[in-house]
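To keep things clear, I will list the structure first and then write my remarks on it.
The values are calculated or read from the model by the stated rules, or taken from the named source; none is laboratory data. Here the structure is a predicted model, which means the values were calculated and not measured. When we count neighbours, we look across all protein chains shown, and the Cβ atoms used for this are built from the backbone with ideal geometry, even at glycine. Please note that ligands, DNA and RNA were not included when accessible areas were found on the heavy atoms of the full protein model with its side chains. Shrake-Rupley method; radii C 1.70, N 1.55, O 1.52, S 1.80 Å.
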Amino acid sequence: MASIAGEPSGRSAGHRRLVLTLLVLAYTLNFVDRTIIASIGQAIKTDLKITDTQLGLLGGLYFALLYTFLGLPIARLAERFSRVNIISAAILVWSGFTALCGTAAGYATLATYRFGVGVGEAGLLPPAHSLISDYYPPRRRASALAVLSLGVPVGSLLGAVIGTRLAQDYSWRVAFMAVGLPGVLVALAIRALVREPARGGSEPDGGRAAAAPKPSFRHELRETGAVARLLLGRWPVLNMVLGATLVSFAGYGGGQFLIPYWLRAFALTQAQVGAIVGLIGAGSQVIGVLLGGFLADRLARGGAARWYGLIPALGVVLAYPFLVGVFTAATWRTAAIWLAFPGIFSYFYMGPTYGVVQNAVPPARRATATAVLLLVLNLVALGGGPPITGWVIDHFAAFHFAHPGAPGLGEALGGAWGADTRAFGTACPGGAAPVGVSGARDVACKAAVLLATRQGELLAYAVGLWGALHYLIASFGIGRVLADARAARGEAA
């Protein structure tokens, strides 16, 4: 791979829109393949007779481990070499491994392929953020990065609607193959149509990146450490990172079991649940992602940068009462009404957070900045959210199965940690009674799992409120940090 100097970033508005559209499409497929476990997980659990903890590991740690740690070296490559080439190759890798998941003979093989999906997906977001920052000036970055983040809700929507339909009509294996293969076309389109811009070319004053020194392991470590200090060593930015991590923990952990909860709670088919949750939940998230970025950029004009922290904090706090409504509704229709609102508010955080991270560092460190953010965020949120939520649900289910007369959350919190999950797994493999066992056992198994899922989901999403506190703290000093970063780049105030 040859090092490049890059072309001037003064491209037409049409080309900028083309680049952003293709990156949104790539991120959409990225999120379809990343979160497909959440959509078809109940079918996998039933077929392979696994626990919610194992299901959470497939959707979380097994994907996130290599995804998280490979992000930094790939980001360092993206600071020197063609970001377009890196993104195209990454899409091919993760798409291939997603398709291979459909051929998995058992749980161990499926877990191995999920590691491979993580390897490929590590190559998208850091170089994509860096590319967008060289196509869009600082005052428009939160908005542009919010548009890129549409890949999250749109990918969740497609995964939910298409994945559940294919799993119901064919099998979960077919679903993996169908969502994996289209990435090949997107990779070819990006390679052919996206032009590599000059680094720092969109900065208003003197923001051009200096020529990178000769690569060495010591230099790469020094640069990575410098970026980590810029993000984690300054109190306001650190709180933005912590806020994003905790809100994402809630989103990944709760989102992993949202469709399983609906299947366990209501008499609906997989395809029906996928359509309802996908269209309503993801549709509201699209509004939230766009609104959060554009609101923050608009309100932050004139030096009011505190809104980059306040907008996410307000959104997360406003979202939680609606989430309580979703998981306590007696009917799916009522739950669907409540579901229309939390996505709008809880996704306010994406554009402001990514915009602050990109604006707080020099142009030659922007891919690395995204990788450092994702290292913290994904190791804790994506790696821990789904399996920890699944572990809580498994323990709550074992407790409620053994103590059907103690349905309260406080009782579950007090007694679940000593619950015998092994005995519950024997009595209720895959969350249901074995074939041939009395109907009463099956009813007891499913009732325990349903109650446990409801309580586990409410606890998982409550972690986001902790994240809102960090965003509030960040709002008090983020303006000074961004002003210092502009001065360091030689920009006018």
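Counting only C-alpha contacts under 8 Å and six or more residues apart, can you give the relative contact order of the range 353-484 as a whole percent? Can you show the working numbers first?
On the way: 90 pairs, mean separation 35.9, N = 132.
Relative contact order comes out at 27 percent.
For the range 399-489, build the charge dipole from Cβ charges (+1 Lys, Arg; -1 Asp, Glu) around the Cα centre, then report which of G430, V463, A416 sits farthest towards its positive end.
Result: V463, furthest along the dipole toward the positive end.
Mind checking the per residue accessible area of the chain for me, 1.4 Å probe, whole number of Å²? List each step's numbers first, then the result.
Numbers: 18490 Å² over 493 residues.
For the chain, the per-residue accessible area is 37 Å².
Label-point separation (nm) for V184 and D442, each offset 7 Å from Cα along Cα-to-Cβ?
4.2
In degrees, nearest 10, range 0 to 90: what is the angle between the Cα axis of helix 383-402 and the longest Cα principal axis of the chain?
Its long axis makes an angle of about 10 degrees.
Calculate what fraction, in whole %, of the accessible area of the range 353-396 sits on carbon and sulfur atoms when a 1.4 Å probe is rolled over the protein chains. Can you show the working numbers first?
Working: 610 of 770 Å².
Ligands and nucleic acids excluded, carbon and sulfur reach 79 percent.
Relative contact order for the chain: what percent, with Cα pairs under 8 Å and sequence separation of 6 or more?
Working: 983 pairs, mean separation 123.4, N = 493.
That works out to 25 percent.
Where the centre of each part is set by its Cα atoms, how far does the range 55-80 sit from the range 282-329, in angstrom?
Computed from Cα coordinates, the inter-centre distance equals 27 Å.
So if I place +1 on the C-beta of Lys and Arg and -1 on the C-beta of Asp and Glu, and nothing else carries charge, what would the dipole magnitude of the chain be about its Cα centre? I want it in debye, nearest 20.
Working: 38 positive and 21 negative charges, 231 e Å.
About 1100 debye.
Provide Rg and Dmax in Å for the chain, with only Cα atoms included in the calculation.
Computed over the Cα atoms of the chain, radius of gyration and Dmax are 22.5, 75 Å.
What angle, in degrees between 0 and 90 and rounded to the nearest 10, separates the Cα long axis of helix 13-48 from the longest principal axis of the Cα atoms of the chain?
Taking the Cα atoms of the chain, the angle to 13-48 is about 20 degrees.
Hey, if you put +1 on the Cβ of every Lys and Arg and -1 on every Asp and Glu Cβ in the chain, which of I311, I37, H219 ends up farthest toward the positive end of that dipole?
My answer, from the dipole projection, is H219.
Quick one: dipole size for the range 104-177, taken about the Cα centre, charges +1 on Lys/Arg Cβ and -1 on Asp/Glu Cβ, in debye to the nearest 20.
Values: 6 positive and 3 negative charges, 35 e Å.
Around 160 debye, computed over the range 104-177.
Would you compute, from DSSP H runs of 4+ residues alone, the mean residue ellipticity of the chain at 222 nm, taking -39500 (n - 2.57) per run and dividing by the full residue count, rounded to the nearest 500?
Values: 25 runs with 365 residues, N = 493.
About -24000 deg cm²/dmol.
Ordering W332, W338 by how much accessible area each has at a 1.4 Å probe, largest first, what is the list?
Working: W332 75, W338 95 Å².
The most accessible residue leads, giving W338, W332.
Take the alpha-carbon centre of the range 168-200, take the same for the range 134-153, and report the distance between them in whole Å.
Answer, in whole Å: 20.
With Rg and the Kirkwood Rh both taken from Cα atoms, where does Rg over Rh land for the range 304-419? Let's see the in-between values first.
Details: Rg = 19.2 Å, Rh = 17.4 Å.
Dividing the radius of gyration by the Kirkwood radius yields 1.11.
Dipole size in debye (nearest 20) for the range 1-156 around its Cα centre, Lys and Arg Cβ +1, Asp and Glu Cβ -1?
Numbers: 13 positive and 7 negative charges, 89 e Å.
It comes to approximately 420 debye.
What percent does the relative contact order of the range 241-399 come to when contacts are Cα pairs within less than 8 Å and at least six residues apart? Spell out each step's value before the answer.
Numbers: 188 pairs, mean separation 60.3, N = 159.
Reported relative contact order: 38 percent.
Using the Cα centre of the chain as origin and beta-carbon charges of +1 (Lys, Arg) and -1 (Asp, Glu), tell me which of A402, L185, L482 is placed farthest towards the positive end of the dipole.
L482
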